[in-house]
Amino acid sequence: MSAVPKPDTQAERKAFYDRIDSRNVTPLWEVLHGLIIKEPNTLAQPFLWPWAQMRPWLMEAGQLISAEEAERRVLVLENPGLRGKSRITNSLYAGLQLIMPGEVAPAHRHSQSALRFVIEGNGAYTSVDGERVFMAPGDFIITPSWTYHDHGNPGNEPVVWMDGLDVAIVELFDAQFLERPEARVQSTSKTQGESFARFATTMLPVNYKTTSHTSPLFWYPYDRSREALHALSKAEPVDPAQGWKLRYANPGNGGYPMPTIATFLQLLPKGFKGQDYRSTDATSFCVMEGRGTFHCGGQSFAYGPKDVFIAPSWRHWHLDADEESVIFSFSDRPVQQALDLWREQV
Ligand code: GTQ
């Protein structure tokens, strides 16, 4: 047989593809090299959203629409390589939510799991299934899948936090549900002290049993996490890529706080020059303290308090700290690990 295709082969192939296409069938060999690839080749790009720019835009939004009318008054942080998709990475959503004094963001519940990382202001709360949690800057709070939540600000200053949700993951599985109860504001039956007593003291209620993959603790206050990082920095050598880094844990099982989203807090000493690092979990960062530079994929971004920045999957990044820095971050690592997909390289 001749190795040279007959002159009419291309035309014959085309005719065949057209014929099978009309019945929703397509030849793998035309798409294979884009489907199964050597390594991640994400459209997501590194980027930094400076607080100095975001804060005035949030306050402007505060004049344009109420939290009530918006349901959630949020400026979505869209990855520049994924515009129009409401996502900061391929799998996760991030936004900055503002609640003004006296406002309420009405109750609802949805399949998506959410995290809040408080950026600015005191006096606002979020209620999770009847438990009201007052938030302070640096606090990390979760809203587990299918738990009712409303936010309110009975205080006297604007409050802003970063939201992280697994919207695209739930969408991948077409498993979204949403419900709005009659009452805008949940009646609260428990206090955050109660949940803390049950789950935050390295003890558990003696008969605690659950089949849920989500942490029974909703509120991880900053002073505790900051204190832990400080103690760690006195006790052990600094990791060359990550500084001193802790992951937030589900006290019920030692796993991640939510099945889809991992969260971390890291401390970089003044003058830290981080080693290059990459991992398959694209990671979104929010600066709590300090200034420095985030280097990623050949780009550099100066960072300061309250800035948000993103390292895409498998792109090399490192952090240089001009001042001692504390940085919160989140990613889809639990999902990748559950599926035996996660990789990292130092
Ligand atoms: O606070 O419930 O940023 O439902 C996006 C969707 C926040 C929330 C967001 C939401 C919420």
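A compact table of results
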{"read-out": "Extreme residue, nearest to the ligand (Cβ to nearest atom), among residues of the range 118-134 that are part of a strand (DSSP E or B) and farther than 24 Å from LEU48 by Cα", "value": "THR126"}
{"read-out": "Odd one out for MET288, checked against (1) within 25 Å of PRO144 (Cβ to Cβ); (2) touching a His at 6+ places or on another chain (Cβ under 7 Å)", "value": "(2)"}
{"read-out": "Residue match in the range 209-217 (condition: within 16 Å of the ligand (Cβ to nearest atom) and under 18 Å from the mean Cα position of the chain (by Cα))", "value": "yes"}
{"read-out": "Filtered residue count, the range 42-92, keeping only those that are open to solvent by 40 Å² or more (accessible area, probe 1.4 Å), polar (S, T, N, Q) and in contact with a strand residue (DSSP E or B) (Cβ under 7 Å, 6 or more places away or on another chain)", "value": "1"}
{"read-out": "Only one of SER284, SER300 that is of a type outside the set (Asp, Glu) and either touching a Leu at 6+ places or on another chain (Cβ under 6 Å) or more than 23 Å from GLN97 (Cα to Cα) (or both)", "value": "SER300"}
{"read-out": "Subset tally (residues that are open to solvent by less than 70 Å² (accessible area, probe 1.4 Å) and of a type in the set (Ser, Thr, Tyr)) for the range 188-205", "value": "3"}
{"read-out": "Only one of LEU267, LEU339, LEU246, LEU319 that is farther than 28 Å from THR143 by Cα and either in contact with a His (Cβ under 8 Å, 6 or more places away or on another chain) or at pLDDT 95 or above (or both)", "value": "LEU319"}
{"read-out": "Yes/no for THR293 being open to solvent by 30 Å² or more (accessible area, probe 1.4 Å), farther than 18 Å from SER329 by Cα and among the β-branched types (Val, Ile, Thr)", "value": "no"}
{"read-out": "Residue within the range 297-316 that is in contact with a strand residue (DSSP E or B) (Cβ under 6 Å, 6 or more places away or on another chain), farther than 21 Å from ALA168 by Cα, open to solvent by 10 Å² or more (accessible area, probe 1.4 Å) and among the charged types (D, E, K, R) present", "value": "yes"}
{"read-out": "Unmet requirement for ALA105, which otherwise passes all of (1) touching a residue at least 40 places away in the same chain (Cβ under 8 Å); (2) surrounded by fewer than 23 Cβ atoms within 10 Å (Cβ to Cβ)", "value": "(2)"}
{"read-out": "Residues located in the range 321-346, provided they are over 30 Å from LYS38 (Cβ atoms) and either under 14 Å from the mean Cα position of the chain (by Cα) or part of a strand (DSSP E or B) (or both)", "value": "ALA321, SER325, VAL326, ILE327, PHE328"}
{"read-out": "Pair list, Cβ < 6 Å and 6+ apart or interchain, from the range 214-237 residues that are within 28 Å of SER111 (Cβ to Cβ) to residues that are part of a helix (DSSP H, G or I) and at pLDDT 95 or above", "value": "PRO216/PHE199; LEU217/PHE199"}
{"read-out": "Selected residue (only one of SER111, SER86 is touching a helix residue (DSSP H, G or I) at 6+ places or on another chain (Cβ under 8 Å), over 30 Å from GLY292 (Cα atoms), among the polar types (S, T, N, Q) and in contact (Cβ under 8 Å) with a residue 60 or more places away in the chain)", "value": "SER111"}
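Results for (1) in contact with a Leu (Cβ under 6 Å, 6 or more places away or on another chain); (2) open to solvent by 70 Å² or more (accessible area, probe 1.4 Å), shown as yes or no for each residue.
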{"residue": "THR143", "(1), (2)": "no, no"}
{"residue": "ASP150", "(1), (2)": "no, no"}
{"residue": "GLY155", "(1), (2)": "no, no"}
{"residue": "GLY164", "(1), (2)": "yes, no"}
{"residue": "VAL170", "(1), (2)": "no, no"}
{"residue": "PHE177", "(1), (2)": "no, yes"}
{"residue": "PRO181", "(1), (2)": "no, no"}
{"residue": "GLN186", "(1), (2)": "no, no"}
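The values are calculated or read from the model by the stated rules, or taken from the named source; none is laboratory data. Since this is a predicted model, take the numbers as computed values, not measurements. Backbone-built Cβ (ideal geometry, glycine too); neighbour counts: all protein chains shown. Accessible surface areas use protein heavy atoms only, side chains included; no ligands, DNA or RNA. Shrake-Rupley method; radii C 1.70, N 1.55, O 1.52, S 1.80 Å.
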